[in-house]
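K.L.:
Can you read through this structure? Questions will come right after.
The values are calculated or read from the model by the stated rules, or taken from the named source; none is laboratory data. Since we're looking at a predicted model, the values are computed, not measured. We place every Cβ from the backbone using ideal geometry, glycine too, and count neighbours over all the protein chains shown.
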Amino acid sequence: MANPSESIGLLSRRAYRQLLRYLRWILDFDFDREFAPAEREKLIEMLAPHGLYWWEFYEHPLHVHVGVLMRLIGLEEGFEKATHGPDGARLAYEYLFSEAESDDFSSIPAVDPKQLSLVANALIALRYSLEAACYFKATINELVAMAKKGDQEALVRAARIDKAVLGTWIGRQVLAIAQLSKDEKAKADLLGGKPHKKLRKYRDLRFMIRVLEEAKALEGGVTQQVIDLIVRDLGLHTESGGDAAKNVRDLIRILR
């Protein structure tokens, strides 16, 4: 049995488990399934006076986006205190996990419709941005930044996840140019469908590879410790038969 406090790079094994757990919770949340039609209408009616504008969050780096959200729900001060220690990265994650697992949501300003609308928009943007990281190993915030530097394909990838990204400054500009120039291919690319099913197959693994890289857990290569985390703790390996460890090692090398 693996020790949850064991470090893999800058994070503990428990932290990796929880990151994946919350990622799946965010991405697998089905709005249409969770809410009845009347409830959806009520929620939209409640948010409508203050607008839907989540794509505006894509204009900022992800850390700013998350920072604003944390301040809105009252976690910023505790998070900042948690990071001041000998193991800042681990303490910060542990703090967020303990808050997320608690039943006390009194800090969320649900009584203020304008504040609630801001939180809802930030959460919607975060959900789509994390989904992009699962498919393309770059958040929508990062893809928008790349598009501003001239990488039009980055905008196409972002639009595969959330068409609302076309409401950003760069999205409007690229779409307008395509329309004025009658570039039907460019418009079709921007308005195309979801990512191919082959990309969806290893959605969680792509995200975890990014996390492992950022936590400096892959600097020594794909070690047995990393393989154990992927196969045993996270249960991400779904292929039947063969050498699971070798298959995971090969997959990570291909997807990096």
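K.L.:
I want to confirm something. Restricting to the stretch 240-250 and keeping residues that are at pLDDT 70 or above and out of contact with any His (no Cβ under 8 Å at 6 or more places or on another chain), which single residue is farthest from Val211 (Cα to Cα)?
P.N.:
It comes out as Asp243.
K.L.:
Please go through the stretch 1-53 and pick out each residue that is among the aromatic types (Phe, Trp, Tyr) and modelled with pLDDT of 70 or more.
P.N.:
Hits for the stretch 1-53 are Tyr16, Tyr22, Trp25, Tyr53.
K.L.:
In the stretch 18-29, which residues are crowded, with 18+ Cβ neighbours inside 10 Å and in contact with a Leu (Cβ under 7 Å, 6 or more places away or on another chain)?
P.N.:
Leu20, Leu23
K.L.:
Residues of the stretch 195-228 being part of a loop (DSSP other than H, G, I, E, B) and among the β-branched types (Val, Ile, Thr), which ones?
P.N.:
Val222, Thr223
K.L.:
Given the conditions (1) within 30 Å of Arg13 (Cβ to Cβ); (2) at pLDDT 85 or above, report the number of the one that Asp104 does not fulfil.
P.N.:
Going through the list (1) within 30 Å of Arg13 (Cβ to Cβ); (2) at pLDDT 85 or above, Asp104 breaks only (2).
K.L.:
Also, I was wondering about something else. In contact (Cβ under 8 Å) with a residue 12 or more places away in the chain, within 15 Å of the chain's Cα centre (by Cα) and part of a loop (DSSP other than H, G, I, E, B): which single residue out of Ala122, Ala138 fits that description?
P.N.:
Numbers: Ala122 fails: part of a loop (DSSP other than H, G, I, E, B).
It is Ala138.
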